[in-house]
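Notes to accompany the following structure.
The values are calculated or read from the model by the stated rules, or taken from the named source; none is laboratory data. Everything numeric in this text was worked out from a predicted model, so none of it was measured. Ideal geometry is used to build each Cβ from the backbone, glycine not excepted, and the neighbour counts take in all protein chains shown. For accessibility, only protein heavy atoms count, side chains too; no ligands or nucleic acids. Shrake-Rupley method; radii C 1.70, N 1.55, O 1.52, S 1.80 Å.
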Amino acid sequence: MTDTVKEPIERLLHNHPFFAGMEEPMLEKLAACATTRTYKAGHRVLKEGACADHFTVLLSGCVAVEVATPEQGVTPLQTLHAGDILGWSWLVAPYRWTFSATAREDTRAVIFDAPCLRRALEADHELAYHLMPRFIGVMSERLHSARLQMLDLYGPPAGARERGLA
Amino acid sequence: MSTLATPLKGHAPPPEAPHPAAAPDPATDPMVPRPFRIVRVKKELSDTFTFDLVAQDGAPLGFRPGQFNMLYVFGVGEVPISISGDPAVPEVLVHTTRAVGTVTRAMWAMKAGATIGIRGPFGSAWPVETARGGDVVVVAGGIGLAPLRPLIHTLLNQRESFNRVMILYGARTPEDILYKTEVRAWRGRFDVSAQVTVDRATGGWSGPVGVVTRLINAGGFDAPSTTAFVCGPEVMMRAACDALTRKGVARGKVWLSMERNMKCALGFCGHCQWGGAFVCKDGPVFNYAAVADRLPVAEY
Ligand SMILES: Cc1cc2nc3c(=O)[nH]c(=O)nc-3n(C[C@H](O)[C@H](O)[C@H](O)COP(=O)(O)OP(=O)(O)OC[C@H]3O[C@@H](n4cnc5c(N)ncnc54)[C@H](O)[C@@H]3O)c2cc1C
Ligand code: FES
């Protein structure tokens, strides 16, 4: 659903931590590719395998990044909240989502049109230079988080597991 | 001074009065355990349980939040376990333990009415007083909530002394959330922000999913005035301390609790040595500024 609340997108971006420190003219260029949207709780925001034609900046609410397997059904891997961004498959060919995502609460977001954004970055390398490290920062943080989750840090100590103690 | 010190010249005890083999006194000898009776056993999780203990001599065991005791299962062995009760209620000594090996497994099998030996309290404490007037962020991971619970009790008992109080807790799954009733009560308070995240969502969990550092990244505290207290597995503490300092919390205002194998708990045997420190005596609570360089060192 397209958002009816009219607030300049530049202002929304200016106040969002992902864009912190970016100059106004750059935010204006980015805003030219963006719209605001609200998702009702339960709305499927991304579908694994579908065309990654946008990226999402969360303003409020909560979205769960999920993976579906035949054995375990839909498993949430991570929840994202205000201040987070969702999706970078739009940056990497073949531009397909590698996970699904569902709104857990009514969620408000800024949505960027990926082809428009790719063209803007192609035409303005300085804009790309300022935007890309932000994505790399988010990717590295998510990778680190995923590794910690994989480590099962709070599980029984390896020795206890092997000896059937826990 | 030790009673076994060499007598001064000319002051040797007379031969008619041989030195009696004095029975060690638990009240004065920190190597001798005091017997405590288990008055309640609560199974918290599939491998974790809480003992409520009362001293057989009736004398309460006062302690400061963050300190630990040595728990002696007679005939089996002795282990360091943090005190997890309310320091304002010293008559009942509370320990939450996870059964992982020989001694803790033997404790798991013990029932109310049984006797256990206690030495302590030992070690440094969470410096609650340094947090007064500012924001407080408590970051716990897994069983790490147990050593932080006395601190949380103190913060809530003296709530007006602190500005914002945040409790950020990471558990393995929703079934592994420790002290569920209490966590729910903290979440229900209007003057505390208590957030729980799980590494793996199961059974219709509708709360946050992801590592506890993500809750730190979300902010909600005034970094310059914040004091943070962190306890959990070492890897988690490293990530949490890093996230806190990246948010602007000064290293000198971040505190963490370390674990090392122990024997004497008195700084004599060197079993718990960690760099230049003994965890039993200089810790277990350390200031992050003092140990940050040592923390990322893998000891294998
Ligand atoms: C200051 C401090 C505070 C603590 N507070 C708490 C607390 O509040 N609650 C709590 O539950 N714990 C706490 N601990 C940890 C607790 O002391 C240890 O879990 C306990 O000492 C384990 O003793 P154990 O005899 O049961 O296990 P051990 O038999 O000594 O085993 C210890 C570890 O080694 C592994 N292990 C042992 N033998 C083998 C083997 N043959 N092969 C492979 N692995 C093996 C075990 O799985 C286990 O992980 C604290 C530790 C310290 C230092
Ligand atoms: S346990 Fe003996 S020195 Fe620490």
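Identify, by number, the condition in (1) β-branched (V, I, T); (2) away from ligand 1 (no atom under 16 Å from the Cβ); (3) in a helix (DSSP H, G or I) that B:V137 doesn't meet.
(3)
Which one is least open to solvent (accessible area, probe 1.4 Å), of the residues in the range B:105-140 that are in contact with a helix residue (DSSP H, G or I) (Cβ under 9 Å, 6 or more places away or on another chain) and farther than 29 Å from B:F162 by Cα?
Out of the qualifying residues, it is B:I116.
Residues checked against (1) in contact with a helix residue (DSSP H, G or I) (Cβ under 8 Å, 6 or more places away or on another chain); (2) open to solvent by 20 Å² or more (accessible area, probe 1.4 Å); (3) more than 16 Å from ligand 2 (Cβ to nearest atom):
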{"residue": "B:G188", "(1), (2), (3)": "no, yes, yes"}
{"residue": "B:V192", "(1), (2), (3)": "yes, no, yes"}
{"residue": "B:G204", "(1), (2), (3)": "no, yes, yes"}
{"residue": "B:D222", "(1), (2), (3)": "no, yes, yes"}
{"residue": "B:C231", "(1), (2), (3)": "yes, no, yes"}
{"residue": "B:V254", "(1), (2), (3)": "yes, no, yes"}
{"residue": "B:N261", "(1), (2), (3)": "no, yes, no"}
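Which residues, taken from the range B:75-104, are open to solvent by less than 10 Å² (accessible area, probe 1.4 Å) and of a type in the set (A, V, I, L, M, F, W, C)?
B:I83, B:L93, B:A99 - these are the residues of the range B:75-104 that are open to solvent by less than 10 Å² (accessible area, probe 1.4 Å) and of a type in the set (A, V, I, L, M, F, W, C).
How many residues does the range A:14-48 contain that are open to solvent by less than 40 Å² (accessible area, probe 1.4 Å) and over 19 Å from B:A218 (Cβ atoms)?
12
Quick one: in the range B:268-280, of everything that is farther than 21 Å from B:G252 by Cβ and in contact (Cβ under 8 Å) with a residue 12 or more places away in the chain, which residue is farthest from ligand 1 (Cβ to nearest atom)?
Checking each candidate, the answer is B:Q273.
Go through the residues of the range A:65-83 one by one and say whether even a single one is within 14 Å of another protein chain (Cβ to nearest Cβ), touching a His at 6+ places or on another chain (Cβ under 7 Å), more than 15 Å from A:L131 (Cβ to Cβ) and modelled with pLDDT of 95 or more.
No, the range A:65-83 contains no residue that is within 14 Å of another protein chain (Cβ to nearest Cβ), touching a His at 6+ places or on another chain (Cβ under 7 Å), more than 15 Å from A:L131 (Cβ to Cβ) and modelled with pLDDT of 95 or more.
Does the range B:100-116 contain at least one residue that is within 16 Å of ligand 2 (Cβ to nearest atom) and over 21 Å from B:V192 (Cβ atoms)? Break it down into steps so the answer makes sense when it comes.
Just the residues of the range B:100-116 that are within 16 Å of ligand 2 (Cβ to nearest atom), to begin with: B:103.
Adding the requirement that they be over 21 Å from B:V192 (Cβ atoms) leaves B:103.
Checked the range B:100-116: at least one residue is within 16 Å of ligand 2 (Cβ to nearest atom) and over 21 Å from B:V192 (Cβ atoms).
Which residue, of B:R184, B:R172, is open to solvent by 50 Å² or more (accessible area, probe 1.4 Å) and either within 12 Å of another protein chain (Cβ to nearest Cβ) or in contact with a strand residue (DSSP E or B) (Cβ under 8 Å, 6 or more places away or on another chain) (or both)?
Numbers: B:R184 fails: either within 12 Å of another protein chain (Cβ to nearest Cβ) or in contact with a strand residue (DSSP E or B) (Cβ under 8 Å, 6 or more places away or on another chain) (or both).
Every option except B:R172 fails the conditions.
For the range B:56-74, how many residues are open to solvent by 30 Å² or more (accessible area, probe 1.4 Å) and either without any contact (Cβ under 8 Å) to a residue 60 or more places away in the chain or within 16 Å of ligand 2 (Cβ to nearest atom) (or both)?
Looking only at that region, the number is 8.
From the set of residues in the range B:233-252 that are of a type in the set (G, A, S) and open to solvent by 10 Å² or more (accessible area, probe 1.4 Å), which is nearest to ligand 1 (Cβ to nearest atom)?
Once the filter is applied, the top-ranked residue is B:A239.
Is it the case that the range B:129-142 has a residue that's of a type outside the set (A, V, I, L, M), over 30 Å from B:L244 (Cβ atoms) and within 14 Å of chain A (Cβ to nearest Cβ)?
No, the range B:129-142 contains no residue that is of a type outside the set (A, V, I, L, M), over 30 Å from B:L244 (Cβ atoms) and within 14 Å of chain A (Cβ to nearest Cβ).
Of the conditions (1) modelled with pLDDT of 95 or more; (2) assigned to a strand (DSSP E or B); (3) within 14 Å of chain B (Cβ to nearest Cβ), A:A41 clears all except one; give me its number.
(2)
Pick from the range B:146-165 the residues that are open to solvent by less than 10 Å² (accessible area, probe 1.4 Å) and among the hydrophobic types (A, V, I, L, M, F, W, C): which of them is farthest from the other protein chains (Cβ to nearest Cβ)?
B:L155
Which of the residues belonging to the range B:77-124 are near ligand 1 (Cβ under 10 Å from one of its atoms), in a loop (DSSP other than H, G, I, E, B) and within 14 Å of chain A (Cβ to nearest Cβ)?
B:A99, B:V100, B:G101
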